Amino acid sequence: MRTLRLFALLDHLRGRLNPVSAETLAAELGVSLRTIYRDMATLQAMGAPVRGEAGIGYQMERGYFLPPLRFDADELEAITLGMRLIAARGDSQLSDAARRVSTKVSGILEGDASEAYSRLPLRAVSKPSQVSEKTAAILGQLRSAIRDKVMLDITYRDLKDVSSQRIARPLGLTVFDEVWLLTIWCETRQDFRNLRVDRIDTAARTGDRFRTEKGKRFEDYLQTLP
């Protein structure tokens, strides 16, 4: 039982960018503060890459890699459904990546768990349409531009079919039930804009890169939402 709790502690710390307090960990795991302190001391004594500071919290050391330790039933179902949704709704490269992730997850599961994972009764269906086909044709290009932080020269048609052209920083993508939205920082308007991906006619790289600037980031846009 304690071994599983130690693994759970590492899972809770994995991927967190900021330190997490002992109080938060105790609440998430349903144990006492004393138990968290004792378990953290045990992990550190075992050489786990965990550091803790009084009044700040615990954090996994940067630069260390820990393989996945275990998945519970809900986590496996979340992975399965998430990957199948992406496979159904993404461009061809993203869909292929989702299938590779599922294969890797299956590969680390032992015995009957691997077969059970591949047979989970969860499906994701996306009906082909003009919107989905046009989105798939340009989505990979937009994802690449976001990763590379390159400016785009975008030709866009709004819902009234009025065309406009703008130089923009591609910041992030959001998928909804029917459409994908590209969030940009529009250099023309000096403000955030959301563009329906299926209504983007062209998105050509200008050759210029942009640096991350406070006030012009995707997270800055998210803070403007109600």
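Bear in mind these aren't lab numbers, they're just calculated from the coordinates by the rules spelled out. Computed from a prediction, not measured in an experiment: that's the story for all the values here. Using ideal geometry, Cβ is built from the backbone for each residue, glycine included, and neighbour counts are taken over all protein chains shown.
Points worth noting:
- Over 31 Å apart at the Cα level, from the set Lys127/Lys216; Lys104/Lys216; Lys160/Lys216; Lys127/Lys160, are Lys127/Lys216; Lys104/Lys216.
- A straight chain from Asn18 to Arg34 at 0.36 nm per residue would run longer than the Cα-Cα distance by 3.6 nm.
- Comparing Gly47, Gly82, Gly172 in a Gaussian network model of the chain where C-alpha atoms under 10 Å apart are linked, the largest mean-square fluctuation is found at Gly47.
- FRET efficiency for Asp148 and Arg99, using Cβ-Cβ distance with R0 set to 25 Å, rounded to 0.05: 0.55
- Residues of region 164-196 falling in the label zone of Arg211, defined by backbone nitrogen less than 17 Å from a point 7 Å along Cα to beta-carbon, are 169.
- Listing Lys216, Lys104, Lys149, Lys127 from fewest to most neighbouring C-beta atoms within 10 Å gives Lys127, Lys104, Lys149, Lys216.
- The label-point distance for Arg166 and Ala113, in a model that sets each label 7 Å from Cα toward Cβ, rounds to 4.7 nm.
- Spin-label model, Asp72/Arg157: points 7 Å from Cα along the beta carbon direction are separated by 5.0 nm.
- Straight-line reach from Lys214: taking Cα to Cα under 23 Å and skipping same-chain neighbours fewer than 8 places apart, the lysines in range are Lys149.
- The mean sequence separation of alpha-carbon pairs under 8 Å and at least six residues apart, normalised by the residue count of the chain, gives a relative contact order of 12 percent.
- Springs between Cα atoms under 10 Å define the GNM used for the chain, and in it the highest mean-square fluctuation of Ser164, Ser132, Ser102 occurs at Ser164.
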